[in-house]
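A short reminder: the numbers here are calculations on the coordinates, not readings from a lab. The structure presented is a predicted model; accordingly, all values stated were derived computationally and were not measured. All Cβ positions, glycine included, derive from the backbone under ideal geometry; neighbour counts span all protein chains shown.
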Amino acid sequence: MEDVLVLKDYKTVPDIVHEYGPTLKFGHIPLVIDNGSYQCRVGWSIYDEPHLIFKNLIARPRKDRCKKDAEPPVTPPIQIGNDIINIEAVRFQLKTQFDKNVVTHFEVQEQVLDYIFSHLGIDSEGNVPHPIVLTEAFVTPNYCRQLMSELLFEGYGIPAVSYGVDSLFSMYKNNIGDSALIVNCGYHTIHIIPVIRGKVIAHHARRINLGGSEIICYLHKLLQLKYPVHVNAITMSRIEEILHEHCSIALDYQEEIRKWANPDYYEANVKRIQLPFVQSTSSSGLTAEQQKERKREMARRLLEINARKREERLAEDEEQMNQLLALQEIMEDGDTDEFNEAIKGFDIKNYEDLQRQISNVNARIEKNKQRIAAAAAAASAGELPEPKPSGRLQPPADPDAFQTWLNDTRAKYREVVQRREARRARRAAMLRRRTAAAAERMRVISRLTAAGDDFGTRDSDWDVYKSISREADSDSEADGERLLELEEALREHEPQQTSSQHHQLHLAIEPLRAAELMFQPSMLGNLEAGLAETMEYVFKHFSAEDQLLLANNVFLTGGCSRFPGLKERLERELLEMRPFQSTHRVVMAKDASLDAWYGARDFAGSNEFEKYCITKEEYYEMGAEYLKEHHASNIYYKSPAPIIDNTLAPAGDANVVKEEIVVDC
C-alpha cells in the first residue's frame, strides 16, 4: 500500500518592493508583462527571470466590525496577488479582470497595474517612463484593446506599448520552426492556432471554452460528493494542489476505468491524501473505582434533581386543586351565574367536567406524595438505585481466546445482518408483481383455494401457511435485539481505526476523470467538441501538404499542458485521425508557464522592438484600438465606422412642422 500523502497547503509570500536603480530609471528599459488569466508575470527585459509572479486576483476583505472606525484597519482594504495570505478566507470576495481570457473589468486591471508598478519600485512622478510589452488573448476584441491602451497612455503616461499573443511568444521562444499547430491549454480556454510558414491562419483557429478553472471546479465537486462529511476541509486551494500534484491524462480512458473496477488494482494504486484534523482527546485516565464513584455521584445528583421537580409539580397541583375546590364551593352555594362566569377562565365546560378534573388532580397529588416519600426513605437509608444489568457480551481475558471470540462475534453479526437483508429483499420482491417470489405465493394460494375448507386440520398445513405468511418476511424483534447486542459488543471491543484514517481522501479515478474533460467536455455538460475532435476539424480546412506541416509540429503550451500523459494521448489521437503511414510529432514547451514571458522578453530586447511599438502620438492619431502587427501579434482589423441614420431629422430642423394643440376645457 502506498504511503499516505500530506497536503502542503502552500502559503503565499508577500512580494517585496524591488529596487528601482539608476540603470532602470534612466535607461528606458522595456517592461514585460505576461498578463495571464491565472498568473501575472512581470519583469524587466534585461533580466533572465521575472521579478513578480502572482495570481491575477484581487480581494476586498469585509470590514472588521469588532474594531472601532477610529482605529487603523487590521487588514488592507484591497489585497492583490501574493498579499492574499489566506485565500480561502476571502474566497467569495475575489475578483479578476478577466471574462474567460479577455480583460473586461478595467477597474480591477488598474488595481493590478498599481500593484505591479509599486512593487517594481517605480517612483517617477505622475507617469511610468518605460515602454511595455503586454500579452493579450488571441483575437482580442478591439474594444478591449482600446480600453487597455487608454488606461496605459492616459492613466500611466507610458511612452509606448506593444501587444502580443502569449502562445505565439512561447512558440518562437522554443524555436520549433515557422509552421506549427499551437495547442494553448490555458486557465479558462484552449486555443488551437494553425501557423503556416510564419503566418497565423486566424480564420481557421478554434477555441474551446474549457480550461484549468473548469477542471478544478469539476474535481472539487467530485470529491465533495464522494466525501460529504469533509465538505469544509475540501477547499478549492487544496483541490488546486491535488490537480497540480496528482492529476494526469489517461492514454485510454475506458481501459483505465475497467482497471480501477478491480479491487486489487484499486488497493495497489489508490492515493491516500491526509486532510488536517484535530486529534481527539484520550480517555480521562480514571481508575475503575474512580469511574464507579463518579457514576454514583451522577446518580445522586439525578435523584436530587428529580426530587426537586416532584416538589415543584406537587406545589402546582395543590394550587390548581385549591382553585378547583373554590369553584366547587361556588356551585354548592347555588350561585349558578357566578359559577358559569368563573369557569370561563378555566378549561371547564360544566359541573361534571369540574368533578372529573378534581378527581384527576387529586390522583396526581397522591402519586407525587407517594414518590416523594419513597425517595426520602431511600435517601435516609443511604441506598442508590442499582444500574440495570446490561446484556453485553463479555469477552474472555485470554488474548487468544479473545481473538476467537471477536471473530465469532463478527460472524454472528454478519449472519444476523444477512438474514435481515434477505427478509427485506423478499418483502420488496413480494410487492412487485412479476417476480418469482410473488408468482410462487400466488400459486400456493390458488392451490389452497382448490383444497377446500379443511385447510389447517393437518400438521403439514402449518408449513404451507408459513411459506405464504407475511409475518415470515417481517423483521424479527429477537433478531433486532440480537443485532443491537452484537453491535454494542463490537463497538466496545473491536480495535478502532485511528482518527487520521477518518480524515483521508482516496484518489482513484477522480484525477483522471477531471483531466479527461479536455477531451470530453460533455462530462461537465459542455456541448463543445473535445481537444482531439477540434484538432481534426482544424486539419480538414487545409490541403494535404499543409496538414502534414501542422501534424509534424503540434506545439503544446500553457499551464494545463503540463499534465502527465497529455503528449502521449495526443500522439495516439493523431495516429487515429491522420492517414495511414503519415508522420506526426508533438512538441512540449520547455517551460509551459514561463515561455510566453521569456519570448516577450526576447522580443523586447530585439533591435526591431521599437518599430513594432505604438507610441503616444500614434495612439492619438490612429485611435486607441490601433495595433502594430509583428510575428507574435494579433491581426489588426480596423473597426468599421458607426452607421449614422439620416432618416430621422434633428430636433432643431427647420423642415419639421410644429403644430400647436388647443384643448377646450
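Each residue, Lys8 and Ser359, gets one label point 7 Å from its Cα in the Cβ direction; the gap between the two is 8.3 nm.
Amide H to amide H, with H built 1.01 Å from N, Leu5 comes under 5 Å of Arg272, Ile273, Gln274, counting only residues 5 or more places away or on other chains. Residues whose amide H falls under 5 Å from that of Ile182, counting only those 5 or more places apart or on a different chain, are Ile193, Val195, Phe555, with hydrogens built in the peptide plane. The HN-Hα couplings worked out from phi for region 156-163 by the Karplus form 6.51 cos²θ - 1.76 cosθ + 1.60 (θ = phi - 60°) are 10, x, 6, x, 6, 8, 9, 9 Hz, whole numbers, x standing for Gly and Pro. Extension gain, Ala411-Arg296: 0.36 nm per intervening residue step, less the Cα-Cα distance, totals 37.7 nm.
Only alpha carbons enter this Debye calculation for region 293-381, each as an equal point scatterer, and the log10 of I(q)/I(0) it gives at q = 0.11, 0.13, 0.17 Å⁻¹ is -0.46, -0.56, -0.75. Using the Cβ-Cβ distance between Asp337 and Glu481 with R0 set to 41 Å, the FRET efficiency works out to roughly 0.10. For an R0 of 22 angstrom, estimate the FRET efficiency from the Cβ-Cβ distance between Asp99 and Glu49 and round to the nearest 0.05. Once rounded, the FRET efficiency stands at 0.15. Can you flag which of Lys55/Lys226; Lys199/Lys590; Lys8/Lys55; Lys55/Lys628 are past 26 Å Cα-Cα? Over 26 Å Cα-Cα: Lys55/Lys226; Lys55/Lys628.
To the nearest 0.05, what FRET efficiency results for Met577 and Val229 with a Förster distance of 45 Å applied to their C-beta separation? Efficiency, rounded to the nearest 0.05: 0.50. Derived scalar couplings between HN and Hα for region 358-366 equal 4, 5, 5, 5, 5, 5, 5, 4, 5 Hz in order, rounded to whole Hz, by the Karplus curve 6.51 cos²θ - 1.76 cosθ + 1.60 (θ = phi - 60°), x for Gly and Pro. Taking each residue as 0.36 nm, the span from Glu316 to Ser639 lengthens on full extension beyond its C-alpha to C-alpha distance by 107.4 nm. Give the residues of region 146-166 whose amide nitrogen is closer than 17 Å to a point set 7 Å from the Cα of Glu617 in the direction of its Cβ. Correct set: 158-161. With 0.36 nm allotted per residue and the present C-alpha distance subtracted, the Ala397-Ala326 stretch has 18.7 nm of extension available.
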